[in-house]
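Heads up: the structure comes next, in structure tokens.
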Amino acid sequence: MTAPVCLVTGASRGLGAAIARHLGSRGWAVGVGYHSGAEGARGVVADIEAAGGRALAVPGDVTDEAEVERLLATAAQLGPVTAVVANATGPQPNADLVDLTWQAYLDQLRFFVLSPTLLVQGTLPAMREAGGGRVVLIGSDTVDRNLPGTSAYAAAKNAELGLVRIWAKELGSHRVTVNAVNPGWIPVERHSGADTAAYEADVPLGRMGVPQDVAGAVAYLLSDDAAFVTGQVLTVNGGHVL
């Protein structure tokens, strides 16, 4: 049988790369989405193929409607795309209320509301035809932390969770599940050298998370074991916000 196809956006590095590699090892054919990280995406594809899986580097700006159409058409070379992991993100500058602009909000909403909307709209026909599908949005436990300076980011991430609950109801009759994974601070390449001691001291499980923790949660929500799980938020942060 042909492996089911999952598109993972923002997968040239960081959490997206870990998710893509893990799904490849679990029998998914993976569209490795990227915008500017072509070399990283090719490396992820090579890793998946070396382990016996199938993957394809898929370029495109996930906040642009025309590019999303081309991106999905490229990913479909692997077969019908019946799962989406919306992980792509952009810069997340902090700004206090007095310095906030409407554009700051729009910049975050483009990645966490517009992009998932375009991706799910574009893949829904294939999911319906297949008799079901999976959508996982990668959120953030920032929605529970109320950190000063994160108004624009947190507002967009909270809006993203609203999409999860509403789409789960709208798409349930098509056997499409919609869930979110909310990671805490999971150090990746861009955090090299960062001091994690203070954060780690507040984590009940006593350690920092690793990308594989998030990848495993995503794989569960995409699996048959989660066929009756929809509209849920799975927080992966070692209990940091308890």
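The values are calculated or read from the model by the stated rules, or taken from the named source; none is laboratory data. Everything numeric in this text was worked out from a predicted model, so none of it was measured. All Cβ positions, even for glycine, are placed from backbone atoms using ideal geometry, and neighbour counts span all protein chains on display. Each accessible area value is taken on the protein alone, full model and side chains, heavy atoms only, with ligands, DNA and RNA left out. Shrake-Rupley method; radii C 1.70, N 1.55, O 1.52, S 1.80 Å.
The calculated P(r) of the chain, using every Cα pair and 10 Å bins from 0, goes 8, 33, 38, 18, 3, 0 in percent. Taken per residue, the accessible surface of the range 106-160 reaches 38 Å², heavy atoms only and a 1.4 Å probe.
What's log10 of I(q)/I(0) for the range 1-110 at q = 0.09, 0.22, 0.24 Å⁻¹, Debye sum over Cα points only, no solvent? Reported log10 I(q)/I(0), two decimals: -0.26, -1.08, -1.25. The listed residues 208, 127 rank as 208, 127 when sorted by accessible area, largest first, using a 1.4 Å probe. Residues 49, 67, sorted by accessible area with the largest first, give 49, 67 [1.4 Å probe; ligands and nucleic acids excluded].
Rank 173, 151, 194 by how far each Cα sits towards the positive end of the charge dipole of the range 112-242 (+1 on Lys, Arg Cβ; -1 on Asp, Glu Cβ) and give me just the farthest. After comparing all options, I get 173.
At the listed q of 0.24, 0.28 Å⁻¹, the Debye profile of the range 185-242, built from one uniform point per Cα, gives log10 I(q)/I(0) equal to -0.99, -1.15.
Note on residue 242 and residue 36: with the Förster distance fixed at 45 Å, the Cβ-Cβ geometry gives a FRET efficiency of about 0.75. Placing pseudo-labels 7 Å out from each Cα toward the beta carbon at residue 92 and residue 145 gives an inter-label distance of 0.7 nm. With R₀ fixed at 22 Å, the C-beta to C-beta distance from residue 117 to residue 191 puts the FRET efficiency at about 0.15. Using a probe of 1.4 Å, the accessible surface attributed to residue 196 totals some 30 Å² when neighbouring protein chains are kept in position. What percent does the relative contact order of the chain come to when contacts are Cα pairs within less than 8 Å and at least six residues apart? Relative contact order comes out at 19 percent.
For the range 126-242, build the convex hull from the C-alpha positions and give me its volume per residue in Å³.
Normalising the Cα hull of the range 126-242 by residue number yields 126 Å³.
The per residue volume of the convex hull around the alpha-carbon atoms of the range 98-177 is 78 Å³.
Considering only 76, 101, 60, and ranking their Cα positions along the charge dipole of the range 49-142 that arises from unit charges at the beta-carbon of Lys, Arg, Asp and Glu, the one farthest toward the positive end is 76. Highest GNM mean-square fluctuation among 212, 103, 77, for the chain modelled with Cα contacts below 10 Å: 103.
Each Lys and Arg adds +1 at its Cβ and each Asp and Glu adds -1 at its Cβ; summed about the Cα centre, the chain shows a dipole of about 560 debye. Rounded to 0.05, the FRET efficiency of the residue 67 and residue 201 pair, given R0 = 41 Å and the Cβ-Cβ distance, is 0.45.
Share of the range 16-101's accessible area from carbon and sulfur, percent, 1.4 Å?
Exposed carbon and sulfur together represent 50 percent of the surface.
Enclosing the Cα atoms of the range 8-70 in their convex hull gives a volume equal to 65 cubic angstrom per residue.
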